[in-house]
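The values are calculated or read from the model by the stated rules, or taken from the named source; none is laboratory data. Keep in mind that what you see is a predicted model, and the values were worked out from it rather than measured. All Cβ positions, even for glycine, are placed from backbone atoms using ideal geometry, and neighbour counts span all protein chains on display. Protein only, heavy atoms only, side chains kept; ligands, DNA and RNA dropped before computing areas. Shrake-Rupley method; radii C 1.70, N 1.55, O 1.52, S 1.80 Å.
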Amino acid sequence: MNIMPRISKPEDVGLDADRLANIPNYFSSYIDRGKLAGFSTLVSRGGEIAHFEVRGNRDRERGLPMEKDTIFRIYSMTKPITSLALMMLYEEGHFQLNHPVSRYIPEFKKLKVWAGGTAEKYETKPCAREMTIRDLLTHTSGLTYGFMYAHPVDKLYRDAGIDGANTLKLTLKEMVTALADIPLLFSPGEQWSYSVSTDVCGYLVEVLSGRPFDEFLASRIFAPLGMEDTGFFVPKDKLDRFATNYFKDPKSGKTGIMDVGDETSTYAKPPKFLSGGGGLVSTMTDYWRFCQMLLNGGEIDGVRLCSPKTIEFMTLNHLPGGKRMNEISNSAFSELAPAGAGFGLGFQVTLDPAESPTIGSAGNFSWGGAASTYFWIDPEEEMVAIFMTQLYPSSTYPLRPQLQQLVYGAITD
């Protein structure tokens with residue numbers, strides 16, 4: 001178990017203590033109204049944690065309190081970790097971003113693009129160009145998610161058993177092989193669509209490193225950073241810290257338990273499918289160390305994972321033609337609002353704060369998870385902020401913009 005980090009005085013890092021204290025007080029109203037079981041919030045500046053609070057329960061029905069070492073399903077907050085893993089291999093010269101994916105996954109040479117019809121009977125056309133590794137990292141690959149329910153191709157994913165982090169019966173290689181037989185939504189580079197692209201990136205880590213994906217992450221990222229509670233499952237001796245995941249159906253309003261944080265959970269044993277797009281669990285302090293390493297330019301506590309230039313490059317806008325997400329996106333879903341934002345290699349990047357839904361800085365990079373978790377990193381303010389809870393889907397409540405309002409309102413210099 002990780003040792004809890006030291007909490008600095010907010011005034012020492014230019015933050016107002018009373019305003020930071022208002023963050024958990026504000027979100028406690030969600031608990032009082034039965035909308036959230038519990039949550040954890042963390043804010044650091046200049047590498048110093050100035051705020052770290054928990055409220056409510058990690059399991060409401062069993063009366064188990066939320067604690068600072070609670071383990072959460074971080075879902076798509078796995079994506080930045082996978083993207084970094086792939087870029088660490090890029091630094092070592094294993095590939096070029098413009099390399100076709102088929103160079104490493106030969107099955108992708110036969111990819112076609114949807115040209116009309118139904119899921120039962122459809123037509124395809126050739127890709128205007130091959131999918132590149134950059135396309136995977138930026139979600140401009142033409143791949144999709146089965147849970148979108150927005151296009152016949154989504155159904156083809158579901159029929160093939162490809163269900164993102166919830167894929168149960170396939171290995172990474174089997175998923176990639178199945179994807180090769182399903183048409184793309186569009187030719188690579190033409191649009192932005194949230195997708196299993198980062199799962200394919202996880203498979204590329206295996207191919208390029210010659211090691212299982214989970215072993216690569218554990219040895220090259222988690223162990224060096226001291227992320228002792230981060231992985232693809234929760235060991236038996238840590239299950240007593242695992243939060244229960246709740247849901248609220250967006251159509252019916254029905255609420256309930258999605259997955260109990262005990263030995264019955266699908267996370268209680270090693271999975272067959274290692275989802276680089278959404279399969280990890282983690283704690284607040286583990287994920288903070290990952291974020292702070294990124295803010296520091298690839299290093300923390302004397303441990304360097306990558307070059308500052310790599311982090312700088314990953315957090316540029318890599319969308320084709322310098323477009324913004326709301327100009328190129330055809331996605332039925334995204335973890336964050338696309339206004340004023342571009343997309344880098346694994347992160348959403350704020351280009352124009354004035355166009356964004358809430359206050360922030362140009363250059364912020366961020367992402368969230370399906371169970372309403374969220375982080376952002378602000379290089380201009382040297383700030384990291386993280387919100388952890390377990391409520392699916394992430395679009396249920398406006399927790400993320402509210403957190404940004406409260407955090408930026410606490411800055412005093």
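Worth pointing out:
- Unmet requirement for residue 200, which otherwise passes all of (1) in contact with a Ser or Thr (Cβ under 7 Å, 6 or more places away or on another chain); (2) farther than 30 Å from residue 40 by Cα: (1)
- For the residues 233, 216, the requirement of being in contact with a Lys or Arg (Cβ under 7 Å, 6 or more places away or on another chain) and of a type in the set (Phe, Trp, Tyr) singles out 233.
Yes/no per residue for (1) in contact with a Gly (Cβ under 6 Å, 6 or more places away or on another chain); (2) more than 25 Å from residue 406 (Cβ to Cβ); (3) not acidic (Asp, Glu):
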| position | (1), (2), (3) |
| --- | --- |
| 285 | no, no, yes |
| 313 | no, yes, yes |
| 324 | yes, yes, yes |
| 328 | no, yes, yes |
| 343 | no, yes, yes |
| 372 | no, no, yes |
| 378 | no, no, no |
| 384 | no, no, yes |
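- Scanning region 154-177 turns up no residue that is crowded, with 23+ Cβ neighbours inside 10 Å, under 27 Å from residue 321 (Cβ atoms), acidic (Asp, Glu) and within 22 Å of the chain's Cα centre (by Cα).
- Tabulated pairs, region 358-381, first more than 26 Å from residue 249 (Cβ to Cβ) and open to solvent by less than 10 Å² (accessible area, probe 1.4 Å), second among the polar types (S, T, N, Q) and part of a loop (DSSP other than H, G, I, E, B), C-beta under 7 angstrom, 6+ apart or interchain: 365/315; 376/364; 377/364; 378/361; 378/364
- Odd one out for residue 120 among (1) open to solvent by 40 Å² or more (accessible area, probe 1.4 Å); (2) part of a helix (DSSP H, G or I): (2)
- Tabulated pairs, region 79-92, first on the phi > 0 side of the Ramachandran plot, second surrounded by 20 or more Cβ atoms within 10 Å (Cβ to Cβ) and of a type in the set (A, V, I, L, M), C-beta under 6 angstrom, 6+ apart or interchain: none
- Tabulated pairs, region 223-241, first touching a residue at least 40 places away in the same chain (Cβ under 8 Å) and in a loop (DSSP other than H, G, I, E, B), second open to solvent by 20 Å² or more (accessible area, probe 1.4 Å) and of a type in the set (Asp, Glu), C-beta under 8 angstrom, 6+ apart or interchain: 226/301; 229/69; 232/214
- Near pairs, Cβ below 6 angstrom, 6+ apart or cross-chain, from region 121-148 (in contact (Cβ under 8 Å) with a residue 24 or more places away in the chain) to any residue that is open to solvent by less than 10 Å² (accessible area, probe 1.4 Å) and in a strand (DSSP E or B): 127/113; 138/343; 139/192; 140/192; 142/184
- Condition met for residue 290 (open to solvent by 10 Å² or more (accessible area, probe 1.4 Å) and modelled with pLDDT of 95 or more): no
- Within region 310-366, the set of residues being in a strand (DSSP E or B) and polar (S, T, N, Q) comprises 329, 348, 350, 366.
- Restricting attention to region 14-61, the residues that are touching a residue at least 12 places away in the same chain (Cβ under 8 Å), among the acidic types (Asp, Glu) and open to solvent by 30 Å² or more (accessible area, probe 1.4 Å) total 4.
- Residues in region 186-214 that are open to solvent by 30 Å² or more (accessible area, probe 1.4 Å) and in contact (Cβ under 8 Å) with a residue 40 or more places away in the chain: 190, 191, 207, 209, 212, 214.
- Residues of region 63-75 classified as open to solvent by less than 10 Å² (accessible area, probe 1.4 Å) and either out of contact with any helix residue (DSSP H, G or I) (no Cβ under 6 Å at 6 or more places or on another chain) or among the charged types (D, E, K, R) (or both), total: 3
- Qualifying residue in region 318-341 (condition: buried (at least 21 other Cβ atoms within 10 Å of the Cβ), closer than 19 Å to residue 293 by Cβ and either in contact (Cβ under 8 Å) with a residue 40 or more places away in the chain or touching a Cys at 6+ places or on another chain (Cβ under 6 Å) (or both)): no
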